[in-house]
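The values are calculated or read from the model by the stated rules, or taken from the named source; none is laboratory data. Note that the structure is predicted; figures quoted are calculated from it, not measured. When we count neighbours, we look across all protein chains shown, and the Cβ atoms used for this are built from the backbone with ideal geometry, even at glycine.
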Amino acid sequence: MTSSIVIFNFAFIKENVAMQESIRIRQILQLCQPETVIADIGADHGYTSAALLEAGLAEKVIATDISEHSLKKAKSLFAEKRFGIRAECRIGDGINVLRPGEAQGIIISGMGGHLILRILRACPETVQQCKWLVISPQSNVDIVRRELQNMQLRIIWEDVVWEDKKYYSLLKLQPGKPESYTEAELYTGKENLMVDRKRFLHHMQYLAQRQEQILQKASSSRNAATIAELLEIYRSAGEKGERT
């Protein structure tokens, strides 16, 4: 399968999405393709779902969340914006509330890597019948990359965004045979799949600096050895990016 991406016009999103959405939501939208139905898993207050409709990326969104309280806020937002039947809310756990093939695109954000993996594993038929997914694991991104190789999900693009004094990883996936990853690439991602090489370089430099700080506080030689290995991985990726 050939890697492809539709980078939706950032200026259009910035100018036409009326709400004060986060930079992270804007970057998520840039990884999305226009579809009839897009599902927003873990929709919380519905900001990403609303942005999808306002940007013209979806004819309909299905906003799901396990929290009824959060979805009430999403419903209020949708009512305020008069989306009508174009925005549907469903209470439930992960992708279980979707029928296979119902949504062409699926977004899963605002949760840790292990939870995202559990959601993907719970509904393999629904996952395999969509065209693409955008996931944003807030932790354990290396484990997510490793496990995706066993789930017939291929990473076709990656991005990172700096918001609220931390980096967030964004991965765009398609059903299909995954590429193999080296051990280092599980931690850094593949540079050739990065949407923005400059952001990738800054991210590697940030991670290297953070590992240096952790290494100084390491309480045992065993911990120090592991941290030093990660430091070298991030430092090498950053230096390679500067040279090329």
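Would you say residue 62 is under 19 Å from residue 32 (Cβ atoms) and either modelled with pLDDT of 95 or more or not acidic (Asp, Glu) (or both)? Break it down stepwise before answering.
Details: under 19 Å from residue 32 (Cβ atoms): yes; either modelled with pLDDT of 95 or more or not acidic (Asp, Glu) (or both): yes.
For residue 62, the condition - under 19 Å from residue 32 (Cβ atoms) and either modelled with pLDDT of 95 or more or not acidic (Asp, Glu) (or both) - is met.
Would you point out which residue out of 130, 32 is under 15 Å from the mean Cα position of the chain (by Cα) and modelled with pLDDT of 95 or more?
Result of the check over 130, 32: 32.
Condition first: modelled with pLDDT of 95 or more, under 17 Å from the mean Cα position of the chain (by Cα) and surrounded by 16 or more Cβ atoms within 10 Å (Cβ to Cβ). Can you find one or more residues in segment 84-98 that meet it?
Yes, some residue in segment 84-98 is modelled with pLDDT of 95 or more, under 17 Å from the mean Cα position of the chain (by Cα) and surrounded by 16 or more Cβ atoms within 10 Å (Cβ to Cβ).
Kindly indicate the residue of segment 202-244 that is over 27 Å from the mean Cα position of the chain (by Cα), exposed (fewer than 13 other Cβ atoms within 10 Å of the Cβ) and not in a helix (DSSP H, G or I) and also modelled with the highest pLDDT among those meeting that condition.
So, considering only residues that are over 27 Å from the mean Cα position of the chain (by Cα), exposed (fewer than 13 other Cβ atoms within 10 Å of the Cβ) and not in a helix (DSSP H, G or I), the one modelled with the highest pLDDT is 217.
Quick grid of which residues meet (1) touching a helix residue (DSSP H, G or I) at 6+ places or on another chain (Cβ under 6 Å); (2) assigned by TED's automatic domain parsing to the domain that holds residue 38; (3) within 18 Å of residue 58 (Cα to Cα):
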position	(1), (2), (3)
102	no, yes, yes
115	no, yes, no
120	yes, yes, no
124	no, yes, no
130	no, yes, yes
133	no, yes, yes
138	no, yes, no
143	yes, yes, no
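Is there any pair linking a residue in segment 183-202 that is in contact (Cβ under 8 Å) with a residue 40 or more places away in the chain to one that is in a helix (DSSP H, G or I) and of a type in the set (A, V, I, L, M), with Cβ under 7 Å and at least six apart or on different chains, and which?
Sorted first by the residue in segment 183-202, then by its partner, the pairs are 184/233; 187/230; 187/233; 188/204; 188/233; 188/237.
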